[in-house]
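What follows is a single structure, written as structure tokens, with notes after it.
Each reported figure results from applying straightforward, stated rules to the coordinates on display, with no laboratory input. Please read all numbers here as calculations on a predicted model, not as lab measurements. Heads up, the Cβs are rebuilt from the backbone with ideal geometry, glycines too, and the neighbour counts pull from every protein chain shown.
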Amino acid sequence: LLRLICDVMGAAPKLAETIGRRPRVLDALMDPAFYDGVPEEADLDRRLTQSFGEARDFEDLLDRARIFGQEQLFLIGIRVLTGTLSANQAGAAYATLAGVVVRRLLAAVETEFAEKHGRVAGGVAAVVAMGKLGGREMTASSDLDLMLLYDFDESCEASDGIKPLAPSQYYIRLTQRLVAALSAPTAQGLLYEVDFRLRPSGNKGPMATRLAAFESYHAGEAWTWEAMALTRARVVAGPPAFAARVEAAIREALMRPRDAEKLRAEVAEMRDLIAREKGTTDPWDMKQIPGGLVDVEFVAQFLMLRHGPEEPSLFSTNTAEALERLRTAGRLGLSDYEELAPALRLYQGLTQTLRLATDGPFRPKEAPRGLLDLLTRVGELPDFATLEAHLVDTEATARAVHERLLGKPRKRRGQT
């Protein structure tokens, strides 16, 4: 245990801070069950449900959510640091944990909210995960991209509580309470940052969306980038019957036929816009660098939207799995796959490690030797200089594939 703590201190200062703030996490490291592997979703759900059942009040429940979440995040991080979890496995473990927390907090918030505002007749709500949570590709510092969809009986005009609300207002207020339950700081600290901007109409739209409005929006008004975001959507909380309706609505939106060349142009234009706003030449900014994560994700999303309506089995919320399905179906050439898939594994492996070590940009010249050695081990290369050169080469190769499939960015006025 002492050796492990020393390794954490030397390679992941950010993770070490958790030990300083919450020494009790060390008890979990001494539990023999820690070495049995990552807990199953059902086990996490059972333990969190039991803890919530022992809460004195709603505030205590929120504290318990933070204690549970922070400790589990720490334990996943330790497994990443020691090499017992791969990047893909860690991304899935982080996402499973977040899904359990969202599901249990939604139920708790609904119960607490009903004490004052009652229930809506026939009311049902589901939380849809997007982004890294939807794709099961989370890191230790990922925020939660979420959307809440709901429905209710047409005859209902207001909830039945002592302070009734119209159904639309009811679910908007409920969503705001859920966001606060997930993200507001308490005496036990923070849990997750939450982002609802991927809902229909973004920040201009209501915080919660009725299912029929979601279906109508994606049948006509949605932009191509919103369809791209929807390729990563999956339900993580809500009654099973309504969750199935939501999943069906998502599939229907994705199955809409699209003009291939128009789709290609719009995806390329979106990538160009992001590059103009967030572009970088730093190879360690593996998300935004040309040839980085965004480029790989855009290729997968473009090809799913292009060919998915004819081959629904191509759709996957997970980028690595999507690339594999596209390759197997012959929609992504083998040579392109053999460039993109290893690039994705490299980026995800290095990113998982860096998110445990630092909050800000990675500066190799300022990084502790332990972190450089750990990154080198993750990259499976002999030394850090070789790793950095390999990263640059990988980004250039992945960018070439991206441009071959989606086209080169348009030159802007003043460029030569």
Relative contact order, percent, the chain [alpha-carbon distance under 8 Å, six or more residues apart]:
17 percent
Need one number: % antiparallel among DSSP beta bridges in the chain, to the nearest 5.
70 percent
Top positive-direction residue, dipole computed over the chain with Cβ charges, set F384, P342, P167
F384
Least to most buried among L48, L191, by other C-beta atoms within 10 Å and fewest first, runs L48, L191
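How big is the dipole moment of region 106-169 about its Cα centre under a simple scheme where the beta carbon of each Lys and Arg is +1, that of each Asp and Glu is -1, and everything else is neutral? Debye, nearest 20, please. Don't jump to the answer; show the numbers that get you there.
Values: 5 positive and 11 negative charges, 40 e Å.
Value, rounded to 20: 200 debye.
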Note, region 130-142: 3J(HN,Hα) by Karplus (6.51, -1.76, 1.60, θ = phi - 60°), whole Hz, Gly/Pro = x, goes 10, x, 5, 5, x, x, 6, 10, 6, 10, 4, 10, 5
Could you go through region 44-56 in sequence order and give the Karplus-derived ³J(HN,Hα) for each residue, using 6.51 cos²θ - 1.76 cosθ + 1.60 with θ = phi - 60°, rounded to whole Hz, and x for Gly and Pro?
4, 4, 4, 5, 6, 4, 5, 5, 4, x, 9, 5, 6
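Expected output is a single nm value to one decimal: the length gained when fully extending between R345 and E40, i.e. 0.36 nm times separation in residues minus the C-alpha distance. What is it? Present the calculation step by step, with values, prior to reporting the outcome.
Working: separation 305, 0.36 × 305 = 109.80 nm, distance 2.37 nm.
Taking R345 through E40 to full extension adds about 107.4 nm, to one decimal.
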If each DSSP helix of 4+ residues adds -39,500 (n - 2.57) and the sum is divided by the residues in the chain, what number results at 222 nm, nearest 500 deg cm²/dmol?
-19500 deg cm²/dmol
Charge dipole of the chain built from unit charges on the beta carbon (Lys, Arg +1; Asp, Glu -1), centred at mean Cα; most positive-end Cα among A222, I250, M30 is A222
Please report the base-10 log of the normalised intensity I(q)/I(0) for the chain, using a Debye sum with one equal scatterer per alpha carbon and no solvent, at each q in 0.06, 0.10, 0.14 (1/Å).
-0.27, -0.75, -1.34
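If you place +1 on the Cβ of every Lys and Arg, -1 on the Cβ of every Asp and Glu, and leave all else neutral, what size is the dipole of region 257-411 about its Cα centre, to the nearest 20 Debye?
Values: 22 positive and 26 negative charges, 60 e Å.
About 280 debye.
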Return the long-range amide H neighbours of L144 (sequence gap of 5 or more, or a different chain), with a cut-off of under 5 Å between placed amide H atoms.
E193, V194, D195
HN-Hα J couplings of region 290-298 from phi, Karplus 6.51/-1.76/1.60, θ = phi - 60°, integer Hz, Gly and Pro as x?
x, x, x, 4, 4, 4, 5, 4, 5
Where GluC sites (Glu not before Pro) in DSSP loops with at most 14 other Cβ within 10 Å are excluded, longest remaining stretch of the chain
55-153
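Contact order normalised by length for region 257-411, with contacts defined as Cα pairs under 8 Å and 6 or more residues apart; what percent is it?
Values: 143 pairs, mean separation 48.5, N = 155.
It comes to 31 percent, rounded to a whole number.
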Using +1 at the Cβ of each Lys and Arg and -1 at the Cβ of each Asp and Glu in the chain, identify which of P309, A275, L178 lies farthest towards the dipole's positive end.
A275
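Report the charge-dipole magnitude of the chain in Debye, nearest 20, computed about the Cα centre from +1 at each Lys and Arg Cβ and -1 at each Asp and Glu Cβ. Mind dumping the intermediate values first?
Values: 53 positive and 59 negative charges, 169 e Å.
Magnitude of the dipole: close to 820 debye.
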